[in-house]
């Protein structure tokens, strides 16, 4: 395979159109979104010159780690075609727009991702992710934020799960309405102070039964408002509860703000791992450091026999995922009735039952992350 590293402009070498080349390349996909490179606009100018196949490969910065794999798979697919003996890949500047960005995504000079903009007053940003719903991601985000605040840190919590905002209920502020000052581009939202931290959530702005039926541009807009039009003040750390999956909200946040690290939440169950791998791959492709894996619901602790452990969802899943990605398994959180009760009643288990096994595990997780990110508070 001959590979050119020049930034090929519109005047690429002429060649013959061969529909077979397009069809051969169509199965090659981005591992994060599962979309075909052709549909994403990352592969263009596919053509043939005699026995040689040529095309341009223009990967966004966040997908650069896939370049060798994508080039190898593309080359193999084309060489399987009758009459193709060589493949030339022309490396080009990343696309300035396309299906990944779409409306609402600006681009940096020269194409690719827009420049990330720090949040004034916020020192560190931690994103909490999961590949699927139902693994306790929001429970982890809320209790981790409370545990960090318990270390004397000035903590903010951004509930970015726009379609399923649960943080207000878990923090006991459901039904409260935050103060909004100004209008238009000058509008500023005052976060609610609760449980020792400041928080904002879509759940504070809509009714309990009101669905959020938004697509990309509107979703991107509210994410940016929560980042830059909230009076966060001085915060040592902002914990962001991402929605499950790898969609517009995750991409918008990762492209907008520098994230100091991401946590991937899973259960020990193998089905949960399949989806958690996608969330982890998203962090890698977006250039977000992966702090590690948090395994939730590792075992059930019955309230009348706390010395017993029942592996309801299996065992070893978190360690397997962490080992595959070569990242730490940061915590194994037990399943206790106290956690469910605290979430429903607006009293996080870290605060309501500080001596419980789950609360201790959350405080240990907070201590580990504080050390990793050099976070120091008033009282540790």
Check: Say we look at the stretch 254-267 and pick out the residues that are over 8 Å from the mean Cα position of the chain (by Cα) and not in a loop (DSSP other than H, G, I, E, B); which of these is modelled with the lowest pLDDT?
Finding: 255
Next item on the list: Evaluate the following for residue 281: is it modelled with pLDDT of 85 or more and surrounded by fewer than 23 Cβ atoms within 10 Å (Cβ to Cβ)?
Entry: no
Margin query: If I filter the stretch 310-327 down to residues being farther than 22 Å from residue 362 by Cβ and without any contact (Cβ under 8 Å) to a residue 12 or more places away in the chain, which single residue comes out as surrounded by the most Cβ atoms within 10 Å (Cβ to Cβ)?
Written below: 323
Note to self: Taking the condition of being under 14 Å from residue 293 (Cα atoms) and out of contact with any helix residue (DSSP H, G or I) (no Cβ under 9 Å at 6 or more places or on another chain), how many residues in the stretch 260-275 meet it?
What the structure shows: 2
Checklist line | Subset of the stretch 133-155 (residues that are out of contact with any strand residue (DSSP E or B) (no Cβ under 7 Å at 6 or more places or on another chain) and closer than 13 Å to residue 296 by Cα) | finding: 133, 134, 139, 143
Check: For the subset of the stretch 282-309 comprising residues that are touching a residue at least 60 places away in the same chain (Cβ under 8 Å) and assigned to a loop (DSSP other than H, G, I, E, B), which member is nearest to residue 250 (Cα to Cα)?
Finding: 286
Note to self: Quick check on the stretch 292-312. Is at least one of its residues touching a helix residue (DSSP H, G or I) at 6+ places or on another chain (Cβ under 7 Å) and under 18 Å from residue 160 (Cβ atoms)?
What the structure shows: yes
Next item on the list: Answer with yes or no whether residue 54 is modelled with pLDDT of 70 or more, in contact with a strand residue (DSSP E or B) (Cβ under 7 Å, 6 or more places away or on another chain) and in a helix (DSSP H, G or I).
Entry: no
Note to self: Please return the ranges of helices (runs of 4 or more DSSP H) entirely within the stretch 317-380 where 2 or more residues are assigned by TED's automatic domain parsing to the domain that holds residue 153, touching a helix residue (DSSP H, G or I) at 6+ places or on another chain (Cβ under 7 Å) and closer than 30 Å to residue 281 by Cα.
What the structure shows: 317-325, 337-345, 357-372
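The values are calculated or read from the model by the stated rules, or taken from the named source; none is laboratory data. What you see is a predicted model; the values in this text were computed from it and never measured. With ideal geometry, Cβ positions are generated from the backbone for all residues, glycine too; neighbour counts draw on all protein chains shown.
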